[in-house]
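The values are calculated or read from the model by the stated rules, or taken from the named source; none is laboratory data. Computed from a predicted model, the values in this text were never measured in an experiment. With ideal geometry, Cβ positions are generated from the backbone for all residues, glycine too; neighbour counts draw on all protein chains shown. Protein only, heavy atoms only, side chains kept; ligands, DNA and RNA dropped before computing areas. Shrake-Rupley method; radii C 1.70, N 1.55, O 1.52, S 1.80 Å.
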Amino acid sequence: MRTLKKLKLKELLRLSLVPLLAVVVPLLLSNAPQDEHPRFKELESKLTNLSTTVPGLNNKVELSVNGVALHEFIRGVAITNNLNVSVEPGLDKKIYDNFTDVTVTNVFLFLCKRYDLDITFIGNIMVFSQYVPPPPVVVPYSPRLPSIQWNATTRKVNLDLKNDSLYLVSRELTRKTGYNVVFAPELAGKMITCFIQDQPLDAALNKLGFANDLKVSQPDSNFFIIEAKEKVPTNSGTISGSDRSKPKSRLPNGTQLSITNGLITLDATAAPIGDLVYSVSDQLGKQYYLYTELKGNTTLNIKDATYEDFLNNVLRNTDYTFRQKDSVYFIGDRTIEGLRVTRLYRLKFRTADKVPDYIPAEMKKGVDVKAFPDLNGIILSGSEPRIMEIENFLAQIDQVVPMVLIEVIILDISKTHTVATGIHAGIGTPPTNNGTITPGTDVTLNADAINNLIAGLNGFGFLNLGFVTPDFYLRLTALEENGKLKIRSTPKLATLNGSEATMSIGRTEYYLERTTNIIGTQNPQTQITNTYKPLNADFSLSITPMVSGDEQVTLNIAVKQSTFTNRVTDDGPFGTTQRSFQSVVRVKNQEMILLGGLEEENTNESGKGTPFLSRIPVLKYFFGTRSKSKSKTKLSVLIRPTVIY
């Protein structure tokens, strides 16, 4: 009994585990890692093969980097392991990685996968670059052939057509059956559908024509002709003005029409367009051909209009147009090939690049407009009335664009004034007597010169100054400097009306930026990279002129000037100061205006000396030194525009 219970328990466990495994196993398989990209396997194989001749790829490294450029990291690993690498300068992405006890090959593979890199091998040189995926394979288009089966023994055909081209169907029927099957030119884009099984060719073609609203005829035993089925004419169908078997007028009630000497007087309210065209054409005896049925109503009141004016007015603001060839008027949808017109309109004074953007959207509706820069023209394709409207618009805007010659005079005036006075005395290494008395006093006296001077003063009455020690010296300073610098620049700019003219004059200085990277943890190596980076200071001017009808010129002016100041350190960057202004002014042709006031003034006053005594008037010059400097810089810009037609 106990054995039976154990068997039942095992059976229950088996039955319960089967469905569980059926669910779990597919989930585990779906989460299994997919095969990696084949290019990584190829890179790994090439690196492994190269490592047999380049042992550095098998070296194990310990690296920890934080914010190091990718190209610098690769170069550092290569230098450490004696590898030949070339790295594109564009690989400047910052990396933050830590590697311990891994080979150089695995590091390179990780970089390729993590940062989407590629390695090109030239001998034992590895070229690192950004991976560019190959272009997708373009499969050439091949049209689907219609399903047609021909039994030459029974002379029967099977057709399984579903929205197939009539051209391909007739071609395959001709090729397989040996009978020539042709169709009318207007059916070139016709698509047909039918399913016919095991029928003679003539019967199959007749059923095909019935199913697709076509007419099939057999003028001789070897030819079949497929044509469009004739339709019963409607109110606005294709008619001829000379066909007198049709009613003379189909004008709605309330419409008044009279024709005198070929001129039309018409008063119609909400009248069908097709009825108006039919009635007027019939009474004038005009021959016309309708490509499409004219739908819609119109309200029209014209007097003594020609037939062309009548058609222009009745078809305006509709999807229909007309075209005259010989004595026949072709009327229908604007997009039909027979009514579509394509012309090149060549511009005389303007460039064609941006002109299509300025044509109103409503005017371009239904017309394909493209610029043709090679001939400085516009290609127009669409209905003729709308093309004529666009051509009239282009004729209005195709005018001479005035050119503006701008003369610029730039004045940069700088004035400086510096005063330095004081007495400096001390004990030290005996200096030599030197200095200047004029134009500025800057004299240094040693102990011998001072003692000689004191000896000359001693003996006057009770005066006895004694003598100074041999290492005593004295420096007298009394300097005053004045400077004036005037810089003049006279550039000339020329631009078309409404276009911006710019100029820039500047200077570039470089400063040193030093980057230190430590590669490795157990045997760290320091890598120092020096980079000289540019810093620009320039004068830039941009002017946009707009010429009005009375030769007043509106100028939109922007001026910006930046100059260098002292360096922060010997190799550090310069400081910069900037001055700028922007204004909009109006000036007459060939008149000059002055734009100025960009003035910069600096004042610096400093001093040092004996406490308290250096602040007493008069005595302060004997117990201290004083320095005072003042500078003023002023930028002025004179502008004169000249309009040239």
For segment 147-226, listing trypsin sites (Lys or Arg not before Pro) in a DSSP loop whose Cβ sees at most 15 other Cβ atoms within 10 Å gives ARG155
With the cut-off at 1.5 for a/c, could you classify segment 97-222 from its C-alpha gyration tensor as rounded, prolate or oblate? prolate
Listed pairs LYS415/LYS628; LYS492/LYS630; LYS229/LYS365 exceeding 26 Å between Cα atoms: LYS492/LYS630; LYS229/LYS365
For segment 157-208, shape from the Cα gyration tensor axes a ≥ b ≥ c, cut at a/c of 1.5 then a/b versus b/c, turns out oblate
Relative contact order of segment 83-180, pairs being alpha-carbon contacts under 8 Å that are 6 or more residues apart, as %: 21 percent
Test of understanding: what is the full-extension gain from ASP368 to THR642, defined as 0.36 nm times their sequence separation minus their Cα-Cα distance? 94.7 nm
With a ≥ b ≥ c the root eigenvalues of the C-alpha gyration tensor of segment 84-132, is it rounded (a/c under 1.5), prolate (a/b larger than b/c) or oblate? oblate
Pairwise label distance in nanometres, THR418 with ASN98, each label 7 Å out on the Cα-Cβ vector: 5.6 nm
For segment 267-347, the accessible surface attributable to carbon and sulfur atoms (probe 1.4 angstrom, ligands and nucleic acids excluded) amounts in percent to 39 percent
If you stretched the chain out fully between ILE122 and LYS41, how much longer would it get, using 0.36 nm times the residue separation minus the C-alpha to C-alpha distance? 27.3 nm
Using a 10 Å cut-off on Cβ atoms, rank the peptides 523-533, 217-227 from the highest mean neighbour count down. 217-227, 523-533
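I need the trypsin sites (Lys or Arg not before Pro) found in segment 276-325, filtered to DSSP loop residues with at most 15 other beta carbons within 10 Å of theirs.
LYS295, ARG316
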Taking a spot 7 Å from the Cα of SER86 along the direction of its beta carbon, which residues of segment 112-131 have an amide N less than 20 Å from it? 112, 117-131
